[in-house]
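Here's the structure, in structure tokens; my notes come after.
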Amino acid sequence: FTDAKLVNADLTGADLTDADLTGADLTGAILTGTNLTGARWPDKAPAPKGWVRDSGSARLRQAKSDVNDSST
């Protein structure tokens, strides 16, 4: 998906594990329930809600959602 034009694409429930999305235009894309584990996200785009960039690899991983987790 490198440099793909995915403007307003409905990617609900898609499995994009380890996908290379660098350069992709995901403006307005619907990502509800999409698996983005290990995906390479466009550098200039903020990580989607519920996801963070791993500082070492720059790949996405799910954000911790456990409010009782003291390791964050």
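Under a cut-off of 20 Å between alpha-carbon atoms, report the aspartates and glutamates in cross-link reach of Lys64, not counting same-chain residues fewer than 8 places apart.
Leaving aside aspartates and glutamates fewer than 8 places away in the same chain, those within reach of Lys64 are Asp15, Asp18, Asp54.
Tell me, what % of the accessible area of the chain is carbon and sulfur with a 1.4 angstrom probe?
48 percent
Given DSSP loops and a limit of at most 13 other Cβ atoms within 10 Å, what is the longest stretch of the chain that contains no such trypsin sites (Lys or Arg not before Pro)? Present the calculation step by step, with values, prior to reporting the outcome.
On the way: sites that count: Lys44, Lys49, Lys64.
Answer - 1-43.
Just how much of Leu60 is accessible, in Å², when a 1.4 Å probe is used and the result is rounded to the nearest 10?
Roughly 10 Å² of Leu60 is accessible to a 1.4 Å probe.
Give the Kirkwood hydrodynamic radius (Å, one decimal) of the chain, defined as one over the mean of 1/r across all pairs of different Cα atoms. Intermediate results must be reported in sequence, preceding the final value.
On the way: mean 1/r = 0.0795 Å⁻¹.
When all Cα pairs of the chain are included, the Kirkwood radius is 12.6 Å.
Determine which lysines satisfy two conditions relative to Lys5: a Cα distance under 17 Å, and not lying fewer than 8 residues away in the same chain.
The reachable lysines, counting only those whose Cα sits under 17 Å from Lys5, are Lys44.
The values are calculated or read from the model by the stated rules, or taken from the named source; none is laboratory data. Model, not experiment: these values are computed from the prediction. So basically every Cβ, Gly included, is an ideal-geometry build from the backbone, and we count neighbours across all protein chains shown. Only protein heavy atoms, including side chains, enter the accessible area calculation; ligands, DNA and RNA are left aside. Shrake-Rupley method; radii C 1.70, N 1.55, O 1.52, S 1.80 Å.
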